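Enquirer: Just passing along the structure, written as structure tokens.
Read the figures in this text as sums done on the coordinates, not as results from a lab. In this text the structure is predicted, and so the values were computed from the model without any measurement. FYI the Cβ positions are ideal-geometry reconstructions off the backbone, even for glycines, and counts take in every protein chain you see.
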């Protein structure tokens, strides 16, 4: 009888990371897999990214409406409670042998919290990491504590996950699935990218994603103001491709400010979601990354690409030599761009595995459940 695996996915970001693992599960008769889609996947204003799951050839067995109505602390708190209630109804009728949760989102925390009274076994991907500028840090470590197994991407994160769980035999360093994506996905050429997204990557390009800091809420308006002032200068030399922020506290404020700023500016290009292949292709041809997304730490180290990491949202992650971590001020951003433009990019930045993470996870599961 096949091992029944549930896959929790709530955003475009976690789904893109999952893809190589999902393909391995589907191709192996040892497993039966079901995708459980919730969160912003089912939100029209966030791009209804559930379509990307279907486009990748995966059946969506379960769709659970949990997206927040707004971006205030009250909205997010209510969304956590709403997600717990929805998943309480879902878990009571489920019969999974193991359920995978990835990352640190509040809705992922809520889904896993609802599973705990039912003694549903959870496997946590990307445990042990730290992001001190986001409340997600607490959610990530909580998910690990509620999990039966934790899979991490580096030895340093393994040590931290063991300190949290106090069960070293249940923590496995398998590397990052994002490296599998980069090693095994055929990315778009510049011509294909232009045809698909109407964006010419022959032009000097900055790839930017900026999420609100969910610890220092009162500073986010100042932060986005400083970033847009820097864009005003940078757009004279670069086109700026902006992927939209997560559904976090004050995420709508950031989204609205960016949308308002981008109007009638040809060199400011807004993208709701590229999908994994499109996003990695854009990163490949970009001059550098500017923002505060976790992809600036993992994927960018593999290419490698220069990264200007803004503020404290990702504070606590491992900083490789391609990353400049700076305060969110116009002057500091422009100063750092000048440094990058006059520097040689270091090589061999990858500390996140050899691109075989999915296979390693499969081996661990078979050793446990054989």
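Enquirer: Please label the shape of the stretch 190-341 as rounded, prolate or oblate, based on the square roots a ≥ b ≥ c of the eigenvalues of the alpha-carbon gyration tensor (a/c under 1.5 means rounded; beyond that, a/b larger than b/c means prolate, else oblate).
Expert: Judged from the Cα gyration tensor, the stretch 190-341 comes out rounded (a/c under 1.5).
Enquirer: With n ≥ 4 as the cut-off for DSSP H runs, can you work out [θ] at 222 nm for the chain, using -39500 (n - 2.57) per run divided by the number of residues, rounded to the nearest 500?
Expert: For the chain, the value works out to -12500 deg cm²/dmol.
Enquirer: Tell me, what is the FRET efficiency for residue 218 and residue 65 to the nearest 0.05, using R0 = 41 angstrom and their Cβ-Cβ distance as r?
Expert: The pair residue 218/residue 65 has a calculated efficiency of 0.85.
Enquirer: Between 141, 62, 126, which gets the highest mean-square fluctuation from a Gaussian network model of the chain, Cα cutoff 10 Å?
Expert: 62
Enquirer: Can you tell me the order of 128-136, 106-114, 156-164 when each peptide is scored by its average per-residue count of other Cβ atoms within 10 angstrom, highest first?
Expert: Details: 128-136: 21.9, 106-114: 23.9, 156-164: 18.8.
The densest-packed peptide leads the list: 106-114, 128-136, 156-164.
Enquirer: Please give the peptides 149-155, 231-237, 351-357 ranked by average Cβ packing (other Cβ atoms within 10 Å per residue), highest first, as a rough proxy for protection.
Expert: 149-155, 351-357, 231-237
Enquirer: Provide 185, 49 in ascending order of the number of other Cβ atoms located within 10 Å of each residue's Cβ, fewest first.
Expert: Lowest to highest Cβ neighbour count: 185, 49.
Enquirer: Using just the Cα positions, wrap the stretch 107-232 in a convex hull and report its mean projected area in square nanometres, one decimal place.
Expert: With the hull built on Cα positions only, its mean projection is 11.3 nm².
Enquirer: Still on this structure: For residue 54 and residue 94, FRET efficiency with R0 = 35 Å and r from the beta-carbon atoms, rounded to 0.05?
Expert: 0.95
Enquirer: Which angle between 0 and 90 degrees, to the nearest 10, do you get for helix 155-165 versus the longest principal axis of the chain when only C-alpha atoms count?
Expert: 50
Enquirer: A further question on this structure: Could you compute the FRET efficiency for residue 118 and residue 229, with r as their C-beta to C-beta distance and R0 at 45 Å, rounded to 0.05?
Expert: 0.35
Enquirer: Counting other beta carbons within 10 Å of each Cβ, put 100, 118 in order, fewest first.
Expert: 118, 100
Enquirer: Restricting things to Cα coordinates, could you compute the convex hull volume per residue of the stretch 5-61 in Å³?
Expert: 64
Enquirer: Shifting gears a bit: Any idea what angle helix 251-262 forms with the longest principal axis of the chain, computed on alpha-carbon atoms, 0 to 90 degrees, nearest 10?
Expert: The angle comes out near 30 degrees.
Enquirer: If the chain between residue 321 and residue 256 were fully stretched, how many nm would it gain, using 0.36 nm times the residue separation less the Cα-Cα distance?
Expert: 20.1 nm
Enquirer: How far, in nm, would the chain grow between residue 364 and residue 196 when pulled straight, counting 0.36 nm per residue and subtracting the alpha carbon separation?
Expert: On the way: separation 168, 0.36 × 168 = 60.48 nm, distance 3.83 nm.
Here the segment from residue 364 to residue 196 would lengthen by 56.7 nm.
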